[in-house]
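One structure below.
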Amino acid sequence: MTPDRLAAMLTQVQQGALPVEQALERLKHLPFEDLGFARIDHHRTLRKGFSEVIWGPGKTSQQIAAIAARLVENGQPALITRLDENKAQEIKISLPALVYYAEARIGALGERPASRTDLPVLVIAAGTADIPVAEEAALSAEWLGNTVERLYDVGVAGLHRLFDSLDRLRAASVLIVVAGMEGALPSVIGGLVDRPIIAVPTSIGYGASFGGVAALLAMLNSCAAGVTVVNIDNGFGAAAAATLINRPDDEQANKG
């Protein structure tokens, strides 16, 4: 249930175009709908500004399909993260409209929300190997209602590539900076811009990177003010945080 749909329904009740009994029937799944194996949070859009997102691992393709179908039937997009290709193909049997983004391991169903603001979220990847996590962040941010731009392969091994795009860095509302290895890129960018930076460590690197722990610790110890950090490979978490930061002014006021 989105705010627009709820407002339209209440207006119909007020005008006498929708009987109260029918309105109650539509509202009975608020704040959640119990499928037995999952309780779908249809109320989340009203609370958070974006709908519930489905975590792919640990669920069967049938469970994912059932949750996604109910979200879409209630006027919300269904975004599925960490969805492997085999499950995606199985889900497509019952939900052929599912769009699968293989590189990001994301499935999406329904109508992608329109961007709520023209101010872009800029997703930056240090290296080509970091692009899958960067794409999870970028696609999630788009499906959460943001205008998204991408800037890839601009890591610290060749800083001239980054400096060539300083105008794009400074024009963004929020920057999501994705890096593995030593995780230095968020600190570098943090010293160049006056925008919020969400750093995403990736599990890319040799043995002493400890699967992304080295990058995580480097980002947590950044000397650049204004850098916040999400978990290793958590592109979606960065996108969700960027979405809350990147609200239009009128939406921020309404939340107050």
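Give me the one-decimal nm value for the distance between modelled label points at GLU73 and TYR206, 7 Å along each residue's Cα-to-Cβ direction.
That separation, rounded to one decimal, is 5.5 nm.
Report the label-to-label distance for ALA171 and GLN14 in nanometres (one decimal), using points 7 Å from each Cα along the Cα→Cβ vector.
Taking the two extended label points, one gets 4.0 nm.
Subtract the Cα-Cα distance of GLU85 and ILE245 from 0.36 nm times their separation in residues, and report this length gain in nm to one decimal.
Values: separation 160, 0.36 × 160 = 57.60 nm, distance 3.17 nm.
Using 0.36 nm per residue and subtracting the Cα-Cα distance, I get 54.4 nm.
When a/c reaches 1.5 or more, the comparison of a/b and b/c decides; with that in mind, is the range 52-155 rounded, prolate or oblate per its Cα gyration tensor? Present the calculation step by step, with values, prior to reporting the outcome.
Values: a/c = 2.83, a/b = 1.45, b/c = 1.96.
Since a/c reaches 1.5 but b/c is at least a/b, the shape of the range 52-155 is classed as oblate.
Work from the charge dipole of the chain (Cβ charges, +1 for Lys and Arg, -1 for Asp and Glu, about the Cα centre) and give the residue of LEU175, LEU151, PHE50 farthest towards its positive end.
Ranked along the dipole, the leading option is PHE50.
Using a 10 Å cut-off around each Cβ, can you sort GLU182, GLU103 from fewest to most neighbouring Cβ atoms? Mind dumping the intermediate values first?
On the way: GLU182 17, GLU103 12.
So the residues, fewest neighbours to most, are GLU103, GLU182.
Just give me a number: lysine pairs in the chain, eight or more positions apart or cross-chain, with C-alpha atoms less than 22 Å apart.
Counting lysine pairs in the chain gives 4.
Suppose every Lys and Arg Cβ carries +1 and every Asp and Glu Cβ carries -1, with no other charges. What dipole size does the chain come out with about its Cα centre, to the nearest 20 debye? Show your work: numbers first, answer last.
Details: 22 positive and 28 negative charges, 76 e Å.
Result for the chain is approximately 360 debye, rounded to the nearest 20.
What is the packing order of peptides 112-119, 195-202, 233-240, taking the mean over residues of other C-beta atoms within 10 Å and listing the highest first?
Values: 112-119: 14.4, 195-202: 26.5, 233-240: 24.6.
Packing order, densest peptide first, comes out as 195-202, 233-240, 112-119.
What percent antiparallel are the DSSP beta bridges of the chain, to the nearest 5?
Numbers: 8 of 29 bridges.
Approximately 30 percent, going by the DSSP bridge assignments.
Using 0.36 nm per residue of separation minus the Cα-Cα distance, give me the extension gain between GLU21 and ALA224 in nm, one decimal. Walk me through the intermediate numbers first.
Details: separation 203, 0.36 × 203 = 73.08 nm, distance 5.67 nm.
Stretched fully, the GLU21-ALA224 segment lengthens by 67.4 nm.
Below 14 angstrom from the Cβ of VAL133, what's the summed charge of the other residues (Lys, Arg +1; Asp, Glu -1)?
-3
For the chain, what does the helix formula give at 222 nm: sum of -39500 (n - 2.57) over DSSP H segments with n ≥ 4, over the residue count, nearest 500 deg cm²/dmol? Show your work: numbers first, answer last.
On the way: 12 runs with 105 residues, N = 256.
Mean residue ellipticity, 222 nm, calculated: -11500 deg cm²/dmol.
How much length, in nm to one decimal, is gained on full extension between ASP118 and PHE37, taken as 0.36 nm per residue of separation minus their Cα-Cα distance?
Details: separation 81, 0.36 × 81 = 29.16 nm, distance 3.88 nm.
Gain in length upon complete extension: 25.3 nm.
Using unit Cβ charges (K, R positive; D, E negative) and no other charged atoms, how large, in debye to the nearest 20, is the dipole of the range 120-245 about its Cα centre? Let's see the in-between values first.
Values: 5 positive and 11 negative charges, 44 e Å.
With only Lys, Arg, Asp and Glu charged at Cβ, the dipole is about 220 debye.
Scan (1) 110; (2) 149; (3) 139 for the value of volume of the Cα convex hull per residue in Å³ calculated from this model and give just the label.
For volume of the Cα convex hull per residue in Å³, the calculated option is (3).
Every number here is computed from the coordinates shown, using simple stated rules; none is lab data. Fair warning: this is a prediction, and the values are worked out from it, not measured in the lab. Glycine also receives a Cβ, built like all others from the backbone with ideal geometry; neighbour counts cover every protein chain displayed.
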